[in-house]
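Take a look at the structure set out below.
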Amino acid sequence: PDVRTLRLESANGGGTPDLKWRAGQFAHFSVFRAGESVFTIANPPTRDGYIQCTFRQMGKVTCALRSLSVGQIVGFRGPYGNSFAMEEWRGRDLLFVGGGIGMAALHAPLLFALDHRAEFGEILVLNGARTVADMVYKEEMKDWEKGERIKVVRAVDPGGETPDWDGEVGLIPNVFEKLHPEPDSRIVIVCGPPIMLGFMLAALDRLGFSPGQV
C-alpha cells in the first residue's frame, strides 16, 4: 500500500529520445520544492520509450512523488552507476531473490532476461515480503509465471499471511534453502534489507554457491 511505480516520458514530445541505459543503473528523481531521491531504473533498455521507477513512501520526496497525477512533471538525472553483467550470464540459470522493495532492483535484469528468453537458462523468482499487502509487483508476477522455463515463488513472513494465501510462509532465506537449488553454474541476484542479505549469504554458502555466483 505504500509502494508506487511511476512511468515517465519526456516532457518534450513523449518517449525517451536518445536516452541509453543498462539494467541495474540508477537515476536521480526530483519534485520541484520537495527535493531529489535516488532510485534504480526499474525497466530494462529492451523496454524503452519510457523510464520506470518503483519506490516506497518514506519521506518528503517520496510523499511528493506519490501525490503526483498523470501529466505532472518529475525531474530526472541519469543514468548513473554500474550495471548487471547480463552478457556474462547468457546461457546460465538465473535465481532472482527479492525482499520487499528490494524487488525493484531486480525488476530490470529480470525483464531483460525475459525479453531475451532464448539466451538464458531456467529462471527462478523468489519474491518475499513481510505481509501479503506488502508484496511488490503482485499483478506482474501473474505474467512472469506464463513464461517458458520460469518458476515464481511468493513468500511472506510468519504472521503475514491471509486466510486465502496460497504461497509460502517463512523468512526468505529459509524458503530459498527449502527450494534447495543446486549451485551448478547458476547466478543468484539478491536484494533486500541488510539483515536478510546476511542470512541469505549464509544460506547460499551452506548450499555450496561460490561468492562469484552471487
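Of note:
- Along the axis of the charge dipole computed for the chain (Cβ charges of +1 for Lys and Arg, -1 for Asp and Glu, origin at the Cα centre), the listed residues Ser37, Phe26, Ala85 are led at the positive end by Ser37.
- Ranked packing of 124-137, 73-86, most packed first, by mean Cβ within 10 Å: 124-137, 73-86
- Dipole magnitude of the chain, debye to nearest 20 (Cβ charges: Lys/Arg +1, Asp/Glu -1, about Cα centre): 640
- For the chain, lysine pairs separated by 8 or more sequence positions, or belonging to different chains, with Cα-Cα distances below 23 Å total 6.
- Each Lys and Arg contributes +1 and each Asp and Glu -1, all at the Cβ; summed about the Cα centre of region 87-178, the dipole is approximately 80 debye.
- Spin-label proximity, Ala11 to region 40-56 - amide N less than 18 Å from point 7 Å beyond Cα toward beta carbon: 50-53
- Pairwise Cα separations in region 84-192 fall into 5 Å bins from 0 onward with the following percentages, short to long: 2, 12, 25, 24, 20, 10, 4, 1, 0.
- Rg of the Cα atoms in region 1-103, relative to 2.2 N^0.38 Å, amounts to 1.14.
Each reported figure results from applying straightforward, stated rules to the coordinates on display, with no laboratory input. Remember, predicted model here, so these are calculated numbers, not experimental data. Every residue, glycine among them, receives a Cβ derived from its backbone with ideal geometry; neighbour counts consider all protein chains shown.
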